[in-house]
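Colleague: Encoded as structure tokens, here's the structure I'll be asking about.
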Amino acid sequence: MKPQNDYDVVIVGFGVAGASAAIEAADSGARVLVLDRGYGGGAAALSGGVIYAGGGTRYQQAAGVQDSPQNMFNYLRQEANGVVSDETLRHFCETSPAMVDWLEQQGAQFQGTLSPYKASYTPDTHYLYYSGNETAWPYNLEAVPAARGHRQVAKGVKSGHTLTMSLCQSAIAKGVEFKPLSRVSELIIEDGAVVGVVYRSMDPDAESGDSHRKLSKVGGKLGNWIPPVGARLNAKAEKLWEKNAVETSVRASAVILAAGGFVLNSEMMAKHAGVVEDPGFLPLGTVGDDGTGIKLGISAGGVATNLDRLAVWRFLSPPSAFLEGVTVGPTGERIINEDVYGARLAEVMIAEQQGRGFLILDAKSWKKARGQIRKQCRQAFQFPQTMYLFTAGNKKAGSLDALAAKIGVPSAGLTQTVRAYNDGIASEKGDPGRKAAGLCAPIEQGPFRAIEISIKNSSLYPATVFTLGGLRVDESSGHVLNSEDQPIAGIYAVGRCAIGICSYSYVSGLSLADGVFSGRRAGAHAAKSAQFRRISPVQERTGT
């Protein structure tokens, strides 16, 4: 019998990636300890609970969606842009249907109810949808569009929490030991190999444990929507943790970093992503997304890349009729075809339009959009945004010239863009911006409307952001690589701690899917390597 606190694998973080790693390691016979600075779930628990899966999943088949691993690969290769090898990307696509089956074995649930319209997030009547750029030009030139956004079945915005907790509970049921409120501060390194961690931990059953849990729960939710309030609650929870936390060290054959990204670390955001205070968008994550995992990997000799890559969202739909309009920048010129994914729209707007833009609609499309609210905008978080857009969030004018004056855009630029759009629709040439024909409607009937879609920090119409870069890893194992591209013994990285499928660009569900993919890969390899690594006698220290 192994002595207490002697583990094969220690995992830092208990979100989707960490839980997937824990399950795989436990299934391979490893003794696993998971340390999480919170209560488990991470940013994934606050997400929409969407898994990007394709290649012919049984839910795609049930919905009549034609897809194959090769078709999925042809699409994702455009999104990945070489951030991982074709071999890794192809393996991700080929194993995608089996990944959905594996998730369901852990307690996840999906459905094949296909959304009939394009949306950033579906109502509870639909759980399969086009969650990226699949239908948009130029992506549809290389791959046949296929719906791959598999949303966890749950009410409202509970899909992310439901999905993540199913994985965490499965891991614990398999014998994984979980210590919440535990923060790793240091890796134990001997002869160039990682052999353990130093961490501080608070007993959740301590006298102030209930208070800490309540503050953390509410603070975590509000942190993404009302940051100042969330920050105050998190600060109170932090004081309780500091008062009660005790330092401990533990040794293991392997350490897997699954602690998320760094969107909540203002210093790292400024240094690597060029983001300064009040950048104009809302950070999406938890207080644990502070870069700790990435910095731990660097301390062991790892190298982080793509830290400048961010996923910033500006979604136009629902309601889907908004996609019938045209987006214009400060000069009145067209930004991009409006049917692209929200992160692609934001990326182009930031790079080419100084982050400023407007959506132009005519009376017919506006009326159509209003009629879609009841069916398409049913999630609780969509209510305030929808009310804002249809009240104070738009400008109205009887002519395009008058509308241009109201929004501060040159009239000539705006009218020229609208004229080219209308002429293209009326002719056989189609929209010059190459938007899907089914989403093209002429802008000709007043009054005209303009919605500002600029990247501005607004709780009513937020543009959210999270980080995509991370530690470079061996794509066959998840081992963290050093500056010479050699694996560092005993240390792995997964999820948003690591370079993965979505580390260049993001579409909904791809980060969670990559977390499962990379987590399982590292968990299996770490468990196997533990059989061959010699663990020195356990050493534990405790202090205040």
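Colleague: Using only alpha carbon pairs under 8 Å that are at least six residues apart, calculate the relative contact order of the chain and give it in whole percent.
Modeller: 23
Colleague: Now for a separate question. With point charges of +1 on the Cβ of Lys and Arg and -1 on the Cβ of Asp and Glu, referenced to the Cα centre of the chain, which listed residue (341, 283, 394) lies farthest in the positive direction of the dipole?
Modeller: Projecting each Cα onto the dipole axis, the largest value belongs to 394.
Colleague: Using unit Cβ charges (K, R positive; D, E negative) and no other charged atoms, how large, in debye to the nearest 20, is the dipole of the chain about its Cα centre?
Modeller: The calculation lands at about 1640 debye.
Colleague: Name the residues whose placed amide hydrogens come within less than 5 Å of the amide hydrogen of residue 188, ignoring near sequence neighbours (fewer than 5 apart) on the same chain.
Modeller: For residue 188, the qualifying residues are 195, 196, 197, 198.
Colleague: Output the relative contact order of the range 312-413, whole-number percent, from Cα pairs under 8 angstrom with separation of 6+ residues.
Modeller: 31
Colleague: Would you please give the residues with an amide H less than 5 Å from that of residue 456, counting only those at least 5 places away or on a separate chain, with H modeled from the backbone geometry?
Modeller: Residues meeting the amide H criterion: 463.
Colleague: Another question about this same structure. The range 134-233: which trypsin sites (Lys or Arg not before Pro) are DSSP loop and have at most 12 other beta-carbon atoms within 10 angstrom?
Modeller: 155
Colleague: Same structure again: Please turn the phi angles of the range 356-373 into ³J(HN,Hα) values with the Karplus equation 6.51 cos²θ - 1.76 cosθ + 1.60 (θ = phi - 60°), one per residue in order, whole Hz, x for glycine and proline.
Modeller: 10, x, 9, 9, 9, 9, 9, 4, 5, 5, 4, 5, 4, 5, 4, x, 8, 4
Colleague: Cross-link list 155/395; 118/179; 174/375; 158/179: which exceed 31 angstrom alpha carbon to alpha carbon?
Modeller: Table pairs above 31 Å Cα-Cα are 155/395; 118/179; 174/375.
Colleague: For the range 314-452, what class follows from the C-alpha gyration tensor (a ≥ b ≥ c being the square roots of its eigenvalues): rounded when a/c is under 1.5, otherwise prolate if a/b is larger than b/c, else oblate?
Modeller: The shape class here is rounded.
Colleague: How would you classify the range 50-153 from its alpha-carbon gyration tensor, with a ≥ b ≥ c the square roots of the eigenvalues: rounded for a/c under 1.5, else prolate if a/b is greater than b/c, otherwise oblate?
Modeller: Taking the square roots of the gyration eigenvalues as a ≥ b ≥ c, the range 50-153 is oblate.
Colleague: Another question, then. Find me the longest stretch of the chain that has none of the exposed GluC sites (Glu not before Pro), where exposed means in a DSSP loop (not H, G, I, E or B) with at most 12 other Cβ atoms within 10 Å.
Modeller: Looking at the chain, 278-427 is the longest stretch - no exposed GluC sites (Glu not before Pro) with at most 12 other Cβ atoms within 10 Å.
Colleague: With both partners inside the chain, how many of the DSSP beta bridges are antiparallel, as a percent to the nearest 5?
Modeller: The antiparallel fraction comes to roughly 65 percent.
Colleague: Only one of the listed values, [x] 46, 24, 21; [y] 69, 24, 18; [z] 43, 24, 20, was derived from the coordinates as semi-axes √(5λ) of the Cα gyration tensor in Å; which label is it?
Modeller: [z]
Colleague: Related question: What is the magnitude of the charge dipole of the range 310-437 about its Cα centre, with +1 placed on the Cβ of each Lys and Arg, -1 on the Cβ of each Asp and Glu, and no other charges, expressed in debye to the nearest 20?
Modeller: Roughly 580 debye for the range 310-437.
Colleague: How high is the relative contact order of the range 50-153? Use alpha-carbon pairs under 8 Å, at least six apart in sequence, and give a whole percent.
Modeller: 36
Colleague: Using only helices, what value at 222 nm comes out for the chain when you add -39,500 (n - 2.57) per DSSP H run of length 4 or more and divide by the total residues, to the nearest 500 deg cm²/dmol?
Modeller: After summing the helix terms and dividing by residue count, I get -11000 deg cm²/dmol.
Rule-based calculations on the coordinates, nothing more; no lab input. Quick caveat: nothing in here was measured; it's all calculated off a predicted structure. Note that each Cβ is placed from the backbone with ideal geometry, even for glycine, and that neighbours are counted across all protein chains shown.
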